[in-house]
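Since the structure comes first, as structure tokens, the remarks are kept for the end.
The values are calculated or read from the model by the stated rules, or taken from the named source; none is laboratory data. Just so it is clear, the model here is predicted, and its values are computed rather than measured. Here Cβ is always computed from backbone atoms with ideal geometry, including for glycine, and neighbour counts include all displayed protein chains.
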Amino acid sequence: MKYLRGLLLSVVLFHPQFVLANVGITLVASGTVEAVVTADEVREIKRRSNIFETDTVTTGAESKAQFRMKDGAMIALIENTEWQVVDYKYQEAGEDAVAMQLIKGGLRTISGQVGKADNTQYKLDTPVGSIGIRGTHYEVRITDDGQLLLAVYEGTIVIETDQGTYEVGSSVGYAYAVVDANGNLSYLDTMPAEFTEGHSLSKTDIQTLIDSGQFSDNVVDVMQRLDDIDSFSLTEKPEEPLENSNESIDAPTDAEILLDFNDIVGP
């Protein structure tokens, strides 16, 4: 039976009709990062590893990962996260579509091309509601008690729960919110403590801190590189979309590695 399952998996993976879509590439993988393909197949995710449609990516304790998707979106996972790519289509036959699921843990993302012209094409499902976008840089975290924490650094997200549909971000003047396990949303005046400070800093904010003399020369050097590099810690527009291909996505160079502001300045 085990042999038969392996044979069937080989047919699925290598028969041209069943080739899984290559939808992204790994820029950073630190600690234990894995992709669950089937109950019998788990592959290790390293820098330059491809991400395929239907993958469920997990990060272990003290682990994190960052990905560049085929439409130019950037996605970063925190530790102890489970994230599934349900559907990811860009410039293929039919309509563009992004459908993902955050099962546990947290992520932050700068959205790509899909959803910009038609926000119904983008959806991130969570245990308490579905999130849509309007050209957005946002972060979401599922807490141990089942709450959903939201932070919007640029643009607006729309979250639909059993209790109704809510907006968070520039359209309503509230950048932070919490949704309880029953789907009730409450706006917050300040960033939830669970989020790492620094994600909402603009490049100007960081430059002001550098000019104050609080950081070393290596941070100044990094800031110079940020002119050509997108960072999840900065509200920059996403990279241009990648050339569409189900076979390969160009591997990242050193200059394409995303930089996390907190990693730059250290503890």
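Some observations on this one:
- Thr165 being touching a residue at least 40 places away in the same chain (Cβ under 8 Å), surrounded by fewer than 20 Cβ atoms within 10 Å (Cβ to Cβ) and hydroxyl-bearing (Ser, Thr, Tyr): no
- Residues in region 172-188 include none that are touching a Phe, Trp or Tyr at 6+ places or on another chain (Cβ under 7 Å) and of a type in the set (Val, Ile, Thr).
- Among residues of region 94-106 that are touching a residue at least 24 places away in the same chain (Cβ under 8 Å) and among the basic types (Lys, Arg), those with a Cβ under 6 angstrom from a residue that is outside any loop (DSSP other than H, G, I, E, B) and surrounded by fewer than 18 Cβ atoms within 10 Å (Cβ to Cβ), sequence gap 6+ or separate chain, pair up as Lys104/Glu82.
- Set side by side, the residues Thr109, Thr32, Thr126, Thr59 differ, and just one is among the polar types (S, T, N, Q) and over 24 Å from Ala151 (Cα atoms), which is Thr32.
- Filter result for Gly72 (within 25 Å of Pro192 (Cα to Cα), out of contact with any Phe, Trp or Tyr (no Cβ under 6 Å at 6 or more places or on another chain) and touching a residue at least 40 places away in the same chain (Cβ under 8 Å)): no
- Any hit, region 112-125, residues being farther than 22 Å from Tyr90 by Cβ, surrounded by fewer than 17 Cβ atoms within 10 Å (Cβ to Cβ) and acidic (Asp, Glu): no
- The test for being exposed (fewer than 13 other Cβ atoms within 10 Å of the Cβ), aromatic (Phe, Trp, Tyr) and either modelled with pLDDT of 90 or more or in contact with a helix residue (DSSP H, G or I) (Cβ under 8 Å, 6 or more places away or on another chain) (or both) does not hold for Phe52.
- Restricting region 33-57 to residues that are outside any strand (DSSP E or B) and farther than 17 Å from Ile75 by Cα, the residue that is farthest from the chain's Cα centre (by Cα): Asp40
- Qualifying residue in region 155-162 (condition: within 17 Å of the chain's Cα centre (by Cα) and either closer than 16 Å to Lys104 by Cβ or touching a residue at least 60 places away in the same chain (Cβ under 8 Å) (or both)): no
- Some residue of region 62-72 being part of a loop (DSSP other than H, G, I, E, B), in contact with a helix residue (DSSP H, G or I) (Cβ under 6 Å, 6 or more places away or on another chain) and either modelled with pLDDT of 85 or more or under 21 Å from Val33 (Cβ atoms) (or both): no
- Those strands (runs of 3 or more DSSP E) of region 78-185 in which at least 3 residues are more than 25 Å from Glu34 (Cβ to Cβ), considering only elements entirely within it, cover 129-133, 148-154, 156-161, 164-169, 176-179.
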